Amino acid sequence: MPEKHLFEYAVIRVVPSVEREEFINVGVILYCSAKGFLKTLYALNAQRLCSFSDKVDMEELQERLGAFERICAGRKNGGTIGGLPVASRFRWLTATRSTVVQTSPVHPGLCLDPQETLEKLYAQLVL
């Protein structure tokens, strides 16, 4: 029987008006230490976001979410944070912030395949 691995994930949220504390789920970030896995999936639905707030800057959101991808990938494109160990990058990305892009609390689970689990969580929590 295949071994299950501990993983942690958080939902990436767009909070158009931080003062109102309303948000829309736009992505998921998943970390699995045993597999050295750190990845994010996200999608910006412009129509949905704009109906939520008329002050959404889609270009800025795309850049901020792109930074999540670059940091997850590590290496040069991830900047200073991208050079940190995988666990530190996940902790940095999921730290509490009061900005337009935030993450939910971190949740644990067990999985056989982190990529498959990421895709499943993305479908359940974002799409």
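No lab work stands behind these numbers, since they all come straight from the coordinates. Since we're looking at a predicted model, the values are computed, not measured. Here the Cβ is made from the backbone with ideal geometry for all residues, glycine too, and neighbour counts use every protein chain on show.
What to note about this one:
- Restricting the calculation to Cα atoms, every distinct pair contributes to the Kirkwood radius of segment 1-58, found to be 13.4 Å.
- Helix-only CD estimate at 222 nm, as mean residue ellipticity for the chain, using -39500 (n - 2.57) per DSSP H run (n ≥ 4): -10500 deg cm²/dmol
- Per-residue extension of 0.36 nm, minus the Cα-Cα distance of Thr80 and Thr96, leaves a gain of 3.8 nm for this segment.
- The stretch between Ala73 and Arg48 holds 6.2 nm of extra length on full extension. This uses 0.36 nm per residue minus the Cα-Cα distance.
- Phi to ³J(HN,Hα) by Karplus 6.51 cos²θ - 1.76 cosθ + 1.60 over segment 22-29, Hz, x for Gly, Pro: 8, 8, 10, 6, 10, x, 9, 10
- Per DSSP, loop trypsin sites (Lys or Arg not before Pro) in segment 1-69 with at most 15 further Cβ within 10 Å: Lys4, Lys55
- Kirkwood hydrodynamic radius of the chain, Cα pairs, Å: 15.0 Å
- Among Leu84, Leu38, Leu30: highest mean-square fluctuation, GNM of the chain, C-alpha pairs under 10 Å: Leu84
- Here's the list of aspartates and glutamates a cross-link from Lys35 could span, going by alpha-carbon distance under 17 Å and ignoring same-chain residues fewer than 8 apart: Glu3, Glu8, Asp113, Glu116, Glu119.
- Entries of Lys76/Lys120; Lys55/Lys76; Lys4/Lys120; Lys55/Lys120 with Cα pairs more than 21 Å apart: Lys76/Lys120; Lys55/Lys76; Lys55/Lys120
- Cut-off 17 Å, label 7 Å out along Cα→Cβ of Leu6, residues of segment 23-49 by amide N: 30-38
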